[in-house]
1. Mean separation of Cα pairs under 8 Å and 6+ residues apart, divided by the residue count of the chain: what relative contact order is that in percent?
2. Expressed in nm to one decimal, what extension gain is obtained for the pair Leu153 and Glu45 from 0.36 nm per residue of sequence separation less their Cα-Cα distance?
3. Report, as a whole number in µm² per second, the diffusion coefficient that Stokes-Einstein gives for region 57-105 at 37 °C and 0.692 mPa s using the Kirkwood radius over alpha carbon pairs.
4. Can you tell me the Rg and the Dmax, both Å, for the Cα atoms in region 83-153?
5. In whole Å, what is the distance between the alpha-carbon centres of region 100-124 and region 3-79?
6. Just in region 76-120: which GluC sites (Glu not before Pro) are loop by DSSP and have at most 16 other Cβ atoms within 10 Å?
7. GluC sites (Glu not before Pro) within region 1-44: which are DSSP loop residues with at most 13 other Cβ atoms inside 10 Å?
8. Report the extension gain between Leu60 and Glu4 in nm, rounded to one decimal, defined as 0.36 nm multiplied by the number of residues separating them, less their alpha carbon distance.
Amino acid sequence: MHPEKLERSEWIAALGGLLLGVCLFAPWYRLDPETGNALLAGVREGTVSGWEAHSFLRWLLLAAALAPWILLYIILRDHELSWPRGELTAVVAIAAFGIIGYIGIIDRPGAPPSEISLAWGWFGALAGSILMAIGGAMRAGGTERPRKPPGVL
């Protein structure tokens, strides 16, 4: 174990992963109680978490929240990788950001989408994915890629 090798970038990414993981269980969508027309995950009024609203994406987002913690483990154990450390965490975070943005802004679940508004958990999950991307990119940018001789892929 090498805890002295952990940098600020890993802690930023880990904080983002924790925020994404916690906010996945927080209220993401608020249903308009005045009309009673909105229906999301069997709920007609109140709030619905991201975990309740998305049956398949919940597992992808939970796996994305674990990515920076796996990076911490790799750095603590000083494992060798064939790519710069933090690069995969940044890619996963960017994908999570795109998914969260799409399901919140473009294709909101439930019917009718106009009567379903976003709650604080969605914004927290979006912020968590941004922190993960920043931390992963900072770590990947600080790692020098090994040079290969000409003609080698």
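1. Normalised by residue count, the contact order of the chain is 40 percent.
2. So the chain would gain 33.2 nm between Leu153 and Glu45.
3. Values: Rh = 11.7 Å.
In µm²/s, the coefficient is 282.
4. For region 83-153, the Cα radius of gyration and maximum Cα-Cα distance read 17.6, 59 Å.
5. 15
6. On the way: sites: Glu80, Glu87, Glu115; in loops: Glu80.
Sites meeting the loop and neighbour criteria: Glu80.
7. Numbers: sites: Glu4, Glu7, Glu10, Glu34; in loops: Glu7, Glu34.
Loop-located and lightly packed - Glu34.
8. Details: separation 56, 0.36 × 56 = 20.16 nm, distance 3.09 nm.
Length gained between Leu60 and Glu4: 17.1 nm.
A short reminder: the numbers here are calculations on the coordinates, not readings from a lab. Predicted, not measured: the structure shown is a model, and the values here were computed from it. No Cβ is skipped: glycine too gets one built from the backbone with ideal geometry, and neighbour counts run over all protein chains shown.
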